[in-house]
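Visitor: What follows is a structure written as structure tokens; I'll ask about it next.
The values are calculated or read from the model by the stated rules, or taken from the named source; none is laboratory data. This is a predicted model, so every value here is computed, not measured. Here Cβ is always computed from backbone atoms with ideal geometry, including for glycine, and neighbour counts include all displayed protein chains. Note: areas computed on protein heavy atoms with side chains; ligands, DNA, RNA excluded. Shrake-Rupley method; radii C 1.70, N 1.55, O 1.52, S 1.80 Å.
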Amino acid sequence: MAAVTERGFLRQAWHLAWPYWKSDEKWSATGLLAAVVALNLFTVWLNVRFNFWYKAFYDALQRYNWAEFWRQFGIFGILAFALIVASVYALYLQQILHIRWRRWLTERYLKNWLHDQTYYRMQLGQGATDNPDQRISEDLDSYARTSLGLSLGLMNSVVTLLSFLTILWTLSGALTIPLGGAHIVIPGYMVFAALIYAVGGTYLTIWIGYPLVRLRFDQQRYEADFRFSMARLRENAENIAFYRGEPHELDEFETRFTRVVANWWGIIMRQKRLSWFTTGYAQLAIVFPFIVAAPRYFAKVIELGGLMQISSAFGQVQSSLSFIITSYTEIAQYQAVVQRLGRFHGEIAQIAADRLAPQPIEIERGGGGVAVEALDLDLPDGEALRRGISLSASPAKPLLITGPSGTGKSTLLRAIAGLWPFGRGHIRVADANSLFLPQRPYLPLGTLADALAYPKTAGELPRAGLVEALRAIGLPQLVDRLDEESNWPQSLSIGEQQRLAFARVLLVRPQIVFLDEATSALDEPAEMALYRLLREAPWHPTIVSVGHHDTLRRFHDTIVDLAPQPQPQAAAG
């Protein structure tokens, strides 16, 4: 991953942020932000008042003024209470703005990710975005939270700097340095001391800590890969248990976790180097203003209160100028988040742009049934998969596509569905609803009724229709479990899941039904009964099947074999 420039990083961060601030939530978001900014500015003003309080309080101590001592304690209480209230409500409103922004970003990215099968196309590319679920669930949260935190922190630093520079310039006076027979007078020398101290520290912090950006980027990816491998074991627990594949899975877990640990060691070592410097920098900053201001104090130009006020003002100026130093770890993580989201956003945008461009595989909507003419299919890397496919199916003529594994049968269905962009040719599909039945049906989370009604919800279909569909496909024993929530892919056998897919056909009533090995786990009588349901369905759907079983031939009027044809032998000369 090439490191982006600071300007490019900021432009990318702004590009991700701007849509929210011009969305339909812009007024409420702007109002919340204005309130947070106002409270932060009020906090800065209170810190300025505290700076003057330091002088009055320590002067009272030096003069042993008992009455003034207690009066200053009363002023402190008022200022402290106001600071507590402002800080609490600034954080409260900032968190409200954060969750509203995150909600808006999440909804937007989820819609874009799911729109027009973008999530599917994203997996087809050679450089596909890793773990898009993490981009949406974690990176968007981190982006919204850190954007607000760093932006408000930077604003506070700038306002604090401007507020205390004048105070520090006035209090520090001039420093006279004898040089030979002449003298060099430096007015407001404490300001220059703070500038030199902070700029030098910032440069060294960036130099030491910059590798953290790449390390943080990689750490998120390795952590997500590790979690994903464990999630796959949970989803495929039965198959792994049958294979007794635990040693292989353990090796895979350990391999992925080794990457997590190795990269984390890199972060630890780099963080240690950065901590050596930043901790030392912070400790030296405590005594540095006293050292610089001591000559004027011991020359009795300023009193103890003035010294403490100078120290406080210097600390505020130095802290403001050191914003990058104190926030660098967070900035490094933020850069990594912005780069990941930028890549994710860019890939979604590219897929959307590719959709608008002329497609090599032209899909025409209209007429009846399905027709494929001179279709060439390629693999994502450009290698030819199948050439010159032509076929057709209509309600009166169900179609069966056969052939050895690897000849492109399932890929042909993907191309007809508009999911496979690699190739060229012409496909005509009736402008009507269709339903694809894969070999292993997808069963969503929720009740059995939800799984049965998918892609609709159970509430959209009459209860009696769900019951009738279960009885028609031979699963009457599941009628009493319609409202039960369970892990249905594990609770039901593959055969039962395939029956449920046929029930969906009865409920949705699609005009075209595509079946990809949809009865592979069923016995011959069950397969025959389900295909008879389709053939005798009152709405007369177009049926396109993919399969190897010879038993499927009896249910189809047209059979297309995608087996490679032997090349004719050249005649002997």
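Visitor: Trypsin sites (Lys or Arg not before Pro) within the stretch 517-563: which are DSSP loop residues with at most 14 other Cβ atoms inside 10 Å?
Guide: none
Visitor: Same structure again: Using 12 Å as the cut-off for backbone N distance, which residues of the stretch 515-530 belong to the label zone defined by a point 7 Å from the Cα of residue 494 along Cα→Cβ?
Guide: So the set is 517-523.
Visitor: Nearest-5 percent of antiparallel DSSP beta bridges in the stretch 428-573?
Guide: 10 percent
Visitor: Work out the length of the dipole vector of the stretch 416-489 about its Cα centre, built from +1 on the beta-carbon of each Lys and Arg and -1 on the beta-carbon of each Asp and Glu, and round it to the nearest 20 debye.
Guide: 440 debye
Visitor: Okay, next question. What shape does the stretch 211-366 have by the C-alpha gyration tensor, where a ≥ b ≥ c are the square roots of the eigenvalues, rounded means a/c under 1.5, and otherwise prolate means a/b greater than b/c and oblate the rest?
Guide: oblate
Visitor: With axes computed from alpha carbons, what is the tilt in degrees of helix 66-114 against the longest principal axis of the chain, rounded to the nearest 10 within 0 to 90?
Guide: Helix 66-114 sits at roughly 20 degrees to that axis.
Visitor: Report, to the nearest whole %, how much of the accessible area of the stretch 73-176 belongs to carbon and sulfur atoms, 1.4 Å probe, protein only.
Guide: C and S atoms contribute 65 percent here.
Visitor: Let me know the volume per residue of the alpha-carbon convex hull for the stretch 349-449, in Å³.
Guide: Spread over its residues, the Cα hull of the stretch 349-449 gives 159 Å³ apiece.
Visitor: Now for a separate question. Note the direction-averaged projected area, equal to a quarter of the hull surface, for the Cα convex hull of the stretch 281-374, in nm².
Guide: Seen from a random direction, the Cα hull of the stretch 281-374 projects 12.0 nm² on average.
Visitor: Given the Cα atoms of the stretch 473-573, and with Rh set as the inverse mean 1/r over their pairs in the Kirkwood sense, what is Rg to Rh to two decimals?
Guide: 1.15
Visitor: Still on this structure: Using +1 at the Cβ of each Lys and Arg and -1 at the Cβ of each Asp and Glu in the chain, identify which of 151, 384, 82 lies farthest towards the dipole's positive end.
Guide: So the residue furthest toward the plus end is 82.
Visitor: Now a separate question. Looking at the stretch 309-466, send over the antiparallel percent of its DSSP beta bridges, to the nearest 5.
Guide: Around 70 percent antiparallel, to the nearest 5.
Visitor: Given the peptides 415-427, 346-358, arrange them by the average over their residues of other C-beta atoms within 10 Å, most packed first.
Guide: 415-427, 346-358
Visitor: Same structure again: Under a straight-distance cross-link criterion of Cα-Cα below 27 Å, which lysines are reachable from residue 409, leaving out those fewer than 8 residues away in the same chain?
Guide: Result set, ordered by chain and number: 397.
Visitor: Return the loop-located GluC sites (Glu not before Pro) in the stretch 474-526 (DSSP other than H, G, I, E, B) with at most 16 other Cβ atoms within 10 Å of their own Cβ; answer none if there are none.
Guide: Here the GluC sites (Glu not before Pro) that fit, given the DSSP loop and packing criteria, are 484.
Visitor: Once the convex hull of the alpha carbons of the chain is built, what does its volume come to per residue, in cubic angstrom?
Guide: Cα-based convex hull of the chain, divided per residue, equals 265 Å³.
Visitor: Right, something else. At 7 Å along Cα-to-Cβ for each site, give me the label-to-label distance between residue 249 and residue 537 in nm.
Guide: 3.7 nm
Visitor: Another question, if that's okay. In the calculated pair distance distribution of the stretch 452-507, what percentage of Cα-Cα distances lie above 18 Å?
Guide: Of all Cα-Cα pairs in the stretch 452-507, 23 percent lie more than 18 Å apart.
Visitor: Something else about it: Placing +1 on the Cβ of each Lys and Arg and -1 on the Cβ of each Asp and Glu in the stretch 199-278, which of 202, 271, 258 has its Cα farthest towards the positive end of the resulting dipole?
Guide: Result: 202, furthest along the dipole toward the positive end.
Visitor: Of the peptides 13-24, 541-552, how do they stack up when ordered by the mean number of other Cβ atoms within 10 Å, highest first?
Guide: Packing proxy ranking, top to bottom: 541-552, 13-24.
Visitor: Could you give the length gained by full extension between residue 64 and residue 23, i.e. 0.36 nm per residue of separation minus their alpha carbon distance, to one decimal place?
Guide: 8.7 nm
Visitor: Heavy atoms only, probe 1.4 Å: what % of the accessible area of the stretch 473-527 goes to carbon and sulfur, would you let me know?
Guide: The nonpolar share, carbon plus sulfur, comes to 42 percent.
Visitor: What length, rounded to one decimal in nm, is gained on full extension from residue 486 through to residue 557, with 0.36 nm per residue of separation minus their alpha-carbon distance?
Guide: Roughly 21.6 nm would be gained on extension.
Visitor: Express in % the proportion of alpha carbon pairs of the stretch 65-138 at distances exceeding 21 Å.
Guide: Here the tail beyond 21 Å accounts for 58 percent of pairs.
Visitor: Once the dipole of the stretch 50-169 is set up with Lys and Arg at +1 and Asp and Glu at -1 on Cβ about the Cα centre, which of 162, 134, 67 lies farthest towards its positive end?
Guide: Going by the Cα projections, it comes out as 67.
Visitor: With charges only on Cβ, +1 for K and R and -1 for D and E, what is the dipole size of the stretch 213-359 about its Cα centre, in debye, rounded to 20?
Guide: Rounded to the nearest 20 debye, it is 620 debye.
Visitor: Restricting to bridges with both residues inside the chain, how much of the DSSP beta-bridge set is antiparallel, in percent to the nearest 5?
Guide: 50 percent
Visitor: Just how large is the dipole of the chain about the Cα centre, in debye to the nearest 20, putting +1 at every Lys and Arg Cβ and -1 at every Asp and Glu Cβ?
Guide: 2000 debye
Visitor: Also, I was wondering about something else. Once the cut-off is 23 Å, how many percent of the Cα-Cα pairs in the stretch 19-102 end up in the long-distance tail?
Guide: It works out to 43 percent of all Cα pairs.
Visitor: With the other protein chains left in place, how much accessible area per residue, in square angstrom, belongs to the chain at a 1.4 angstrom probe?
Guide: 53 Å²
Visitor: Sticking with this one: Select from the stretch 507-553 those chymotrypsin sites (Phe, Trp or Tyr not before Pro) which occupy a DSSP coil region and have at most 15 other Cβ atoms within 10 Å, ordered by residue number.
Guide: Hits after loop and neighbour filter: 539.
Visitor: Assuming a ≥ b ≥ c are the square roots of the Cα gyration tensor eigenvalues, decide whether the stretch 208-248 counts as rounded (a/c under 1.5), prolate (otherwise, with a/b larger than b/c) or oblate.
Guide: Prolate.
Visitor: Please identify which residues in the stretch 399-428 have an amide N closer than 19 Å to a label point set 7 Å out from the Cα of residue 387, following the Cα→Cβ vector.
Guide: Under 19 Å, as judged by backbone N against the label point of residue 387, lie 404, 406-409, 412, 422-426 of the stretch 399-428.
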